Structure formats: structure tokens, C-alpha cells
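The values are calculated or read from the model by the stated rules, or taken from the named source; none is laboratory data. Quantities reported herein were computed from a predicted structural model and do not represent experimental measurements. Backbone-built Cβ (ideal geometry, glycine too); neighbour counts: all protein chains shown.
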Amino acid sequence: MANYGNGSNTREAIVQACAELFYEKGFHETSFSDICARAHVNRGTIYYHFPSKDALRYEVQWEYMIRNKHIAEHYCPDSRYHYILAMCMLWHQIHRDPKMLRFLLSCCIDCPVYTGKKDMSHFYFTAYEAMWGQFWEKKNIPELTFASIYGYIMSCLRMLCEAPEKFDPMILYEHCVETSLQAWRVPPELAESIALQTADYFSQIPPEEITVVFP
């Protein structure tokens, strides 16, 4: 069993185990016993690092994004696009991979956003900053706009998860991006430039790199 003194490594082992298990079995189908066995820890150690299973779910969701970001960094020289490309890759993974679709559905249905000890506005502002903040300042955007757009995107994701045969994920992704940038009052010419550059960078990522693979 891992011990508390092995803080960061133990935490990483738990997240890695959950990333694999939530993908392989599903979030709801994964038990604490499964996590303990895969990460070689006891249940008390899990609670030492994470307050709940829900917290683990959103940590894993972020872990998937970081994996994609690392791939984007390899193929894209412009750091401003790394998170945008990571999100675009996630939508492709949802489209291609039923297991990723199942995992995302659990995030959309049960609890649309995890904010930890931060308030909702902090989450929205942080998400915006990661993807769009280097292109357009958020200082004049009302907090309610962030809340409305995030809720809208989560609704679109839930529709995709529940009826994937009805929607083309990439068309839906482009629609969500377009709607978000309009709500944030990003100038159309800047939005078009971002879209074209994103498409160009994305085309340089080999399809096999987008596939979800665990080491």
C-alpha cells in the first residue's frame, strides 16, 4: 500500500488508476475497491487526497485534457492554441470512442461542473482564460454570460451523448465555439482567424495521436 508521505506520487497514481478505470468500466461501474487495487492504495489514502468520487471524476476529466494538451504542444508552435486544440481533440475522441462518450455522459448528467472550493464565476473565468483569454480580454464580460454559455455547452454535450446518431460532433463543436465567441463579443474577423488557424493546426495532428491510449 502507498503511504501518505508519498504525497504527489500517490495522488498521481490514484488519478492515473481512475483515468484508466473510468474509461474501461465507466464512472458509475468503478468501485472504490477497483481504484484501491489499481492504484495500490487503501480507501483512506484516496480520501486523504480527494474528498469524494465526484472530485476524482473531474480530476480525470482534466487529466484527459492535459494529455491532449501535451499532444497539441508537440504539433503546434503557438501556445495560445494548445487548450483549444486539446478541447477539439476531446470532441473527436467523443465522436470516435464509445467509452469516452460514456464517461462524458456521466459528467453531463450527474453534475455539470465541479468547482471545488471556488465559486462558479471563478470556474467560468478560469475555463475562458485557458482557451480564449490570450485572444480577447474577459474583463468586460458579465459573469452571467459565462454561466449561460457553460450551461449551453453542457446541454449540447448531453444531447450528443444521449443521441449520438443525430448529431455530427464536429459541427456541434463548431457551433458551440461560434456561439461562445459571439456571446463574449469577440470581433467576427478575430473569431474567423482563430477558427482557420485552429483547423490548420489540427490537420497536422496524426489521427492515431488523437486515439485514447494509456501507457
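Checking residue 74 against (1) surrounded by 15 or more Cβ atoms within 10 Å (Cβ to Cβ); (2) at pLDDT 90 or above; (3) over 20 Å from residue 157 (Cβ atoms), which single condition isn't satisfied?
With respect to (1) surrounded by 15 or more Cβ atoms within 10 Å (Cβ to Cβ); (2) at pLDDT 90 or above; (3) over 20 Å from residue 157 (Cβ atoms), residue 74 is out only on (1).
Looking only at the range 149-156, decide whether some residue is hydrophobic (A, V, I, L, M, F, W, C) and under 14 Å from residue 181 (Cβ atoms).
yes
Residue under question is residue 34, and the condition is that it be farther than 20 Å from residue 87 by Cα and either modelled with pLDDT of 95 or more or of a type in the set (Val, Ile, Thr) (or both); does it hold?
So residue 34 passes the test.
Residue under question is residue 67, and the condition is that it be of a type in the set (D, E, K, R), in the same structural domain as residue 94 (by TED's automatic domain parsing) and within 22 Å of residue 107 (Cα to Cα); does it hold?
yes
Which ranges mark the helices (runs of 4 or more DSSP H) fully within the range 1-110 that have 3 or more residues being touching a residue at least 24 places away in the same chain (Cβ under 8 Å) and of a type in the set (A, V, I, L, M)?
It comes to 7-24, 53-75, 82-96, 98-110.
Could you grab me the full set of residues in the range 131-145 that are among the aromatic types (Phe, Trp, Tyr) and closer than 22 Å to residue 66 by Cα?
Within the range 131-145, 132, 135 qualify.
Would you pick out the residues in the range 173-215 that are in a helix (DSSP H, G or I), within 18 Å of the chain's Cα centre (by Cα) and touching a residue at least 60 places away in the same chain (Cβ under 8 Å)?
173, 198, 202, 209, 210, listed by residue number.
Taking the range 133-148 as the search range and keeping residues that are under 16 Å from residue 176 (Cβ atoms) and of a type outside the set (Gly, Ala, Ser), which one is modelled with the highest pLDDT?
Among residues in the range 133-148 that are under 16 Å from residue 176 (Cβ atoms) and of a type outside the set (Gly, Ala, Ser), the one modelled with the highest pLDDT is 145.
Considering the range 197-215 alone, what residues qualify as being exposed (fewer than 12 other Cβ atoms within 10 Å of the Cβ) and touching a His at 6+ places or on another chain (Cβ under 9 Å)?
207
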